[in-house]
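The values are calculated or read from the model by the stated rules, or taken from the named source; none is laboratory data. What you see is a predicted model; the values in this text were computed from it and never measured. Ligands, DNA and RNA are excluded from the accessible area calculation, which covers all protein heavy atoms including side chains. Shrake-Rupley method; radii C 1.70, N 1.55, O 1.52, S 1.80 Å.
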Amino acid sequence: DGSLRLWRGRLRAEGGAAGVGVCAGVCVGHDGSVEAIAAAGSDESEDAWLASGSHDGAVRLWSVAAAMDAADAADATAADLAAATPVDEGGDSLGGGKAKRRKGAAVAPPPPPPPPPPPAERLAPRSILRGHSQAVTGVAWAGISLVVSASMDGTVRSWDAATAQSSHTVGGLKGVQALALSSDVRGGGGGGGDATGALLAATGHDNGLVQLWDARARPSEAAAARLLSHTRWVSALAFAPASPYRLLSASHDGCLKVWDIRGKLPLHTLGAHGAAKVLCAAWGGKDGRAILSGGADCRLLVHATAHTEQ
């Protein structure tokens, strides 16, 4: 429907009931389906930004800090009400419905129901980045001030988030379906995230190709390497959090592949989804070395890895 929704909720405690999510905001403005989103900022930062790419060919930037603050306030109010459980004269809890009432003890009225969550705030984009001629299929942040986007038009564009201007364009390969930035530059300023260093990007294509780019190089020199092993549409890419050289790819050929981008062949190939398409993939776990994947077989899988990062 062309919108983004922001959700806040508590994760389920071990052995407890499932958490309930509350919609804190709705980002409205795209004229086509939303194909990609990426977040910048953190809980320790006053800035909280989203970038979204759409089938309408535009990238939109959203400031979501206010909506998140409102959701936090609502969560705090609900927690305070839950903590205020009434008790009878003997100190027995009346909120759980299981305690036995002593004879003659006064019965307190049941606690009032929690207030309904506040209506979701409707957010308008702060900036619209125009330049792609076809659907935007990937977006990523390199710090808080630089956005990178990839499109079906075959280009990878770098954008100054403050001015909404495209600062660099590379590419030329049609059918870009996925984008990832090296962990050396994601999150603000490490390694190639400075003003003069390399900006390593990986794109996945509908013919099974994974292409590596220096997104800051001259267009004639930007193509760094090609990784050839998938046989169908590459649906997702992710660099490992602990290594700028370890890349995960997922494909409609049913396989996940782990690459060291300094080589030409995959280190590992996982076919856990069988003949079903792999639709999404990410690194996870406490140490960032587990592999998560979702497929057209309606399964979400967790794959353990034991490799050593170099």
Task: Table column - 3J(HN,Hα) (Hz), segment 279-286, Karplus curve with 6.51, -1.76, 1.60, x for Gly and Pro - done: 9, 8, 7, 7, 8, x, x, 4
TODO: Give me the percent of the accessible area of segment 206-300 that comes from carbon and sulfur atoms, probe 1.4 Å, all protein chains in place.
DONE: 57
Open item on the list: Please list 3J(HN,Hα) in residue order for segment 146-153, calculated via the Karplus relation 6.51 cos²θ - 1.76 cosθ + 1.60 where θ = phi - 60°; whole Hz, with x for glycine and proline.
Closed with: 10, 10, 10, 10, 10, 9, 5, 6
- [ ] Could you state the accessible area per residue of segment 193-284 in Å², with a 1.4 Å probe and every protein chain left in place?
- [x] 42
